Amino acid sequence: MAMPGWKTRLTDRQRRDVLAYIKTFSSFFADTTQRPEPIKFSSAPGGGSNAEALKVGRQFYDSIGCRKCHGDQGRGDGPSAPTLKDDAQHPIFAANLHENWRFNGGGTVEDIYHRLRTGLDGTPMPSFSDLIDNKFLTDEQLWRVAQYVRSLSPKEAPVVRDVIHAPLAKTLPHAPDDSAWTAVDVYWFPLVGQVIRKERWFAPAVTGVWVKAVHTADSIAVRVVWDDRSESPDTAWLGYIGRVLATLDSDDSTREQPALWPDQLTVQFPVSIPTGMERPYFLMGSSSAPVYQWRWTSSARGTATAGLARGIDRFDPLANGGVNAQAVFDHGQWRVVFSRALASADTASQLPFRTGRAIPVAFFAWDGSNGEHGTRMAVSTWYFLALDEPVPARVFISPVLAMVLTLGLGMLVVWRAQQKTSYRR
Amino acid sequence: MRDYIKHPFWQAVGLLLIAYLVIVFVIPLLPGSAIVPKSVVLQYMATVLVGVLIWVSDDEARWTRFKEPLHEVLIQPRLKLVRNGLLAAVTLIVGCLTYSQVKASVAAPPNLRSIHPAPPSQITFRGTTITLVGLENPLRKQGEMAPHVAEGRRIYYQNCVPCHGDHLDGQGHFASGFNPLPANFQDNGTIAQLTESFVFWRIAKGGPGLPREGTPWNSAMPAWEDFLTENEIWSVVLFLYDQTGWKPRTWEVTGSQESGAGGGHE
């Protein structure tokens, strides 16, 4: 559950009172005669973002065992990740270190250092203070680990921009790691649990998608990148799936046996570009107003299926979908490129893409190793995709005209003023 | 320096500068205010400019002195550089402004949504017809309120908290994923303006039950009749008012439908 920030809602005194009350919950604090020595935190050594410091941080990230749970690239996909349980024996994910805005203990270098010193109670995250006491590493080296971890996330938490701009390109990059993608603007969209229709899903694994798009004169490519701890189906995660399913409330979900579900991603558009405000229902349309979708699954990763969804539980594939897909799984991240011709033969059910229009788009993702399939998924609301047109020459006519006029008028004013003055002289 | 401070032209420039700094940097710092939108800044600055012009032209001598530097720039041979620089700058600014006006960029279409659309006079709840007009929360006539509120609290925390949040302020951990954002019950523009029957209707029928002006295709509000019983919904309604301290709007004695309609646009 989301812990809100109480700073603005409670006074300092009230917060301390709550703190004292909470401490009565645990026998740990029962003996009030004890005066534990608080840990004194040092302050961060400088130069935390230079290559040498990050190298030291990375070295100790490996040697103190961070990567066992958080993974080689820090996406929470380490070999121990599928075995993790919290103190209540519920399954728990190792944090994805690329999303510092989601860290339970806060996302600054200081927050991360503090968590390394104290651990996170209730979770498998341990304290590493003993390693300093044992002289396995110095305090400064632990700070370097914190700085390395911080460097994995963007400088600022991503902000949603509503319209994905797809620039015009000469050729379409079909491969997810084609170098042509580096020059294209990236857009981030948050995904949240599907809590609208039975069976609901309160703990989605995919927290957002990073989207890029380009188009040529006749085709479009959309690249969707998202972090996923497992290349499902993966037998290493079967036990984890079982523990996830065991936590489900029986009044909302039917009991089911764990299975090796694949990862999935769906890109959704309306059947045609809407002219007014009205759109199909964002959660996969309805029987009367279907949506056009591209569905990709990790069990057939080189293909995508185009079809019409008529509500959350009905998907009808189209015979000649014409959608291609290429996918890469790399250290806890899927990168999938969808491509299709702009025009479509079947304009009644397959969206014809047109330039210069705001085309509604939405995204849905499933992590099979988190027990996600069917209605248990992460969803987004409607956003927009715009295929940008090259700037036509006529756009420059009016600015140039305005500039010539302004300059002429200005010179006239100057000339008149000077004439008048010399006349008076 | 003192000459500049006393000169009406530089005083006018100074006033405009101070006004700009106050509008852009000081106003957002005041409690309860936000960053001033650019269009509003422009309006404020235009008003200040008119005021300043009235002040400098109010006195003949001041007006003459005010014009001096402007005139100097236009004619003085030693100010040729400043003159040409100003001409070039103004021309460039006009060019850029015009370009930003005419260049086509696709923006998200405006989303005109009626926040509190007029409710229907009756709804079908799991097969039974409920008349909304004049409808009161039946739980308010059923003994002690505390158990009903406790039941509503339990249901709220089991179902509503991911979007509407711990604080009932629409800032649950799933809120950022949806547009429109989940309703903020602490705000004086939501349940504080509505009758309990209206809130019951919104909970029972959710996003899909909105009329067209409520943009039902965007709303992530579930139709709770699929999950909760009539009494469970009434207990949540009771909890929302109890927890926020708002009083529901009541039906006028004459029973006019208007009083329950709420109203207002985004």
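Derivation of every value follows stated rules applied to the coordinates shown; laboratory data play no part. None of the values given here were measured: they were computed from a predicted structure. Backbone-built Cβ (ideal geometry, glycine too); neighbour counts: all protein chains shown.
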task = Taking the Cβ of each residue in A:PHE28, A:PHE353, B:PHE227 as the centre, tally the other Cβ atoms inside 10 Å and list the residues starting with the fewest.
result = A:PHE28, B:PHE227, A:PHE353
Rounded to whole Hz, the Karplus (6.51, -1.76, 1.60) HN-Hα couplings of segment A:362-375, x for glycine and proline = 9, 10, 9, 9, 10, 10, x, 7, 10, x, 8, 6, x, 7
query = By its C-alpha gyration tensor, with a ≥ b ≥ c as the square roots of the eigenvalues, how is segment B:2-137 shaped: rounded for a/c under 1.5, else prolate for a/b larger than b/c, else oblate?
reply = prolate
remark   = With only helices counted (DSSP H, runs n ≥ 4, each -39500 (n - 2.57)), the per-residue ellipticity at 222 nm for chain A, to the nearest 500, works out to -7000 deg cm²/dmol
ask   = 222 nm [θ] for chain B, helices only, -39500 (n - 2.57) per DSSP H run of 4+, per residue, to 500?
value = -14500 deg cm²/dmol
inquiry  = How large are Rg and Dmax for chain A when calculated on the C-alpha trace, in angstrom?
reply    = 27.6, 102
inquiry  = List the lysines whose Cα sits under 26 Å from the Cα of A:LYS212, skipping any in the same chain fewer than 8 residues away.
reply    = A:LYS155, A:LYS170, B:LYS103
ask   = How high is the FRET efficiency between B:LEU79 and A:VAL18 when r is their beta carbon distance and R₀ equals 56 Å, given to the nearest 0.05?
value = 0.25
task = Within 10 Å of each Cβ in peptide B:108-118, how many partner chain Cβ atoms are there on average? Round it to a whole number, please.
result = 2
key: Per-residue ³J(HN,Hα) for segment B:214-223, Karplus 6.51 cos²θ - 1.76 cosθ + 1.60, θ = phi - 60°, Hz, x for Gly and Pro   = x, 6, x, 6, 9, 6, 9, 5, x, 7
note = Each label sits 7 Å from Cα toward the beta-carbon; between A:LEU260 and A:SER129 the label points are separated, in nm, by 4.4 nm
Average partner coverage of B:98-104, which counts Cβ from other chains inside 10 Å = 6
task = For each of B:GLU68, B:GLU225, count neighbouring Cβ atoms within 10 Å of the residue's Cβ, then give the residues from fewest to most.
result = B:GLU68, B:GLU225
message = Springs between alpha-carbon pairs under 10 angstrom, Gaussian network model over chain B: which of B:SER57, B:SER121, B:SER197 fluctuates most?
response = B:SER57
Assigned charges on the beta-carbon of Lys, Arg, Asp, Glu; segment B:122-261 dipole about Cα centre (debye) = 100 debye
request  = Mind sorting A:LEU84, A:LEU10 by how few other Cβ atoms lie within 10 Å of their own Cβ, fewest first?
outcome  = A:LEU10, A:LEU84
task = Please identify the longest segment of chain A free of exposed GluC sites (Glu not before Pro), where exposed means a DSSP state other than H, G, I, E or B and no more than 14 other Cβ atoms within 10 Å.
result = A:1-155
